[in-house]
Amino acid sequence: MRRPAVRETYSTLRSIKKWVESEETDDLVPLLKAGDIKPHDLLAACHSPDNEIAWAAFLTLQLLGKSECEPCAASISQLDTSPPMLCSANSREADYQRIEMWLAKKRTGAGYECGEDFEPLTPMDDSVIYALILDGSPRSRSILDNMLVVEKTCTKEVSILGEVLEEATALIVAAQKGGHNLKIEPDKLGNSLRASAFFLPQEYRRDSDVEVIFENNAHDRVLLEMSYRCGNLCGRTYYVVLRKDGDDWHYDLIRMASIS
């Protein structure tokens, strides 16, 4: 007879697999609810030999803002092929070191090792870049500058991540003005978010869609989807996490969910 804890771990693993296969928000929400109560099951999944399972477990812990996210990120980052990951905009020394070591491996005597991928930064999740922008410290600015050098050295055309890196200086200023100490009224959530969404193009903010996906049990963390359309086959959707500190809310995580 299996122990209950084992059954619960298997249940979490099934939920992860279901979300990985569907990539639908409807399958993400049950996983977030389970992970909010039992994050250790997600941490166990971080050690899965299946890279998709491990990555999905990390992403769930990242969205939830759980302390288990840090050992999960450290575990996955130990793989030579794995890009650095951050759990939130509150960067720590270990976070900086992971990114700096990853960039250092790309340096050669003659410049940078671009590899076979024409977009060398593509393996990196864009949430890392947005976390550095939200942090805005001199060290974060230096890392973003180095990322842009790699991008320009190794690419002929600007990539999606390259677009963000080219605007990083202006985005840092905008994030410092509107990304922290947000006063959000529940009945005016959409308007509050649209006004502060520095990561969306200015011309699309007013008509962007805002949808609450999940709120944790402590009521101090909210996951939203923010999206905009710029044409019939043009648009982007972002996962956005707000973290409450006292009476104020802060952007804690921004990552692109889809692009068309």
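The values are calculated or read from the model by the stated rules, or taken from the named source; none is laboratory data. No experiment lies behind these values; they were computed from the predicted model shown. Because the Cβ atoms are built from the backbone with ideal geometry, glycine has one as well, and the counts that use them run over all protein chains shown.
In the range 148-170, the qualifying residues are those that are surrounded by 14 or more Cβ atoms within 10 Å (Cβ to Cβ) and either of a type in the set (Gly, Ala, Ser) or not assigned by TED's automatic domain parsing to the domain that holds Lys106 (or both), and the one that is modelled with the highest pLDDT is Ala168. Quick check on Gly178: is it closer than 24 Å to Asp26 by Cα and surrounded by fewer than 17 Cβ atoms within 10 Å (Cβ to Cβ)? When the stated conditions are applied, Gly178 does not pass them. Scanning the range 234-260 for residues that are more than 18 Å from Lys183 (Cα to Cα), of a type outside the set (Ser, Thr, Tyr) and surrounded by 17 or more Cβ atoms within 10 Å (Cβ to Cβ) yields Arg236, Ile254, Arg255, Met256. Any residue that is in contact with a Ser or Thr (Cβ under 8 Å, 6 or more places away or on another chain), of a type in the set (Lys, Arg) and not assigned by TED's automatic domain parsing to the domain that holds Met101 - is there at least one of those in the range 193-200? Looking through the range 193-200, at least one residue is in contact with a Ser or Thr (Cβ under 8 Å, 6 or more places away or on another chain), of a type in the set (Lys, Arg) and not assigned by TED's automatic domain parsing to the domain that holds Met101.
Among residues of the range 220-237 that are touching a residue at least 60 places away in the same chain (Cβ under 8 Å), those with a beta-carbon under 8 Å from a residue that is of a type in the set (Ser, Thr, Tyr) and surrounded by 16 or more Cβ atoms within 10 Å (Cβ to Cβ) at least six positions away or on a different chain give the pairs Leu223/Tyr239; Glu225/Thr25; Glu225/Thr237; Glu225/Tyr238; Glu225/Tyr239. When you check Glu113 against the structure, is it in contact with a strand residue (DSSP E or B) (Cβ under 8 Å, 6 or more places away or on another chain), outside the structural domain of Cys72 (by TED's automatic domain parsing) and farther than 25 Å from Leu224 by Cβ, yes or no? In short, yes. Being among the hydroxyl-bearing types (Ser, Thr, Tyr) and more than 23 Å from Ser88 (Cα to Cα) is a property that Ser159 has.
For the range 203-219, which residues satisfy the criterion of being without any contact (Cβ under 8 Å) to a residue 40 or more places away in the chain and either in a strand (DSSP E or B) or under 19 Å from Lys188 (Cβ atoms) (or both)? Give the derivation first.
Initial filter on the range 203-219 (without any contact (Cβ under 8 Å) to a residue 40 or more places away in the chain): 203-212, 215, 218-219.
Residues satisfying the conditions are Arg205, Arg206, Asp207, Ser208, Asp209, Val210, Glu211, Val212, Glu215, His219.
Among residues of the range 171-188 being modelled with pLDDT under 90 and in a helix (DSSP H, G or I), the one that is farthest from Met124 (Cα to Cα) is Asp187.
Taken over the range 238-258, the criterion of being touching a Ser or Thr at 6+ places or on another chain (Cβ under 9 Å), among the aliphatic types (A, V, I, L, M) and under 15 Å from Asp125 (Cα atoms) is satisfied by Leu253, Ile254, Met256, Ala257.
Scan the range 166-197 for residues that are in contact with a strand residue (DSSP E or B) (Cβ under 8 Å, 6 or more places away or on another chain) and of a type in the set (S, T, N, Q) and report the count.
Initial filter on the range 166-197 (in contact with a strand residue (DSSP E or B) (Cβ under 8 Å, 6 or more places away or on another chain)): 175, 179-184, 189-190, 192-194, 196-197.
Those left that are additionally of a type in the set (S, T, N, Q): 181, 192, 196.
The number of residues fulfilling the criteria is 3.
Take residues that are at pLDDT 95 or above and closer than 18 Å to Ala131 by Cα and tell me which of the helices (runs of 4 or more DSSP H) falling wholly in the range 38-85 contain 2 or more. Reasoning before the result, please.
On the way: elements: 39-45, 51-64, 69-77.
Those helices (runs of 4 or more DSSP H) span 51-64.
Would you confirm whether or not the range 133-142 contains a residue that is within 30 Å of Ala110 (Cα to Cα), in a loop (DSSP other than H, G, I, E, B) and polar (S, T, N, Q)? Scanning the range 133-142 turns up at least one residue that is within 30 Å of Ala110 (Cα to Cα), in a loop (DSSP other than H, G, I, E, B) and polar (S, T, N, Q).
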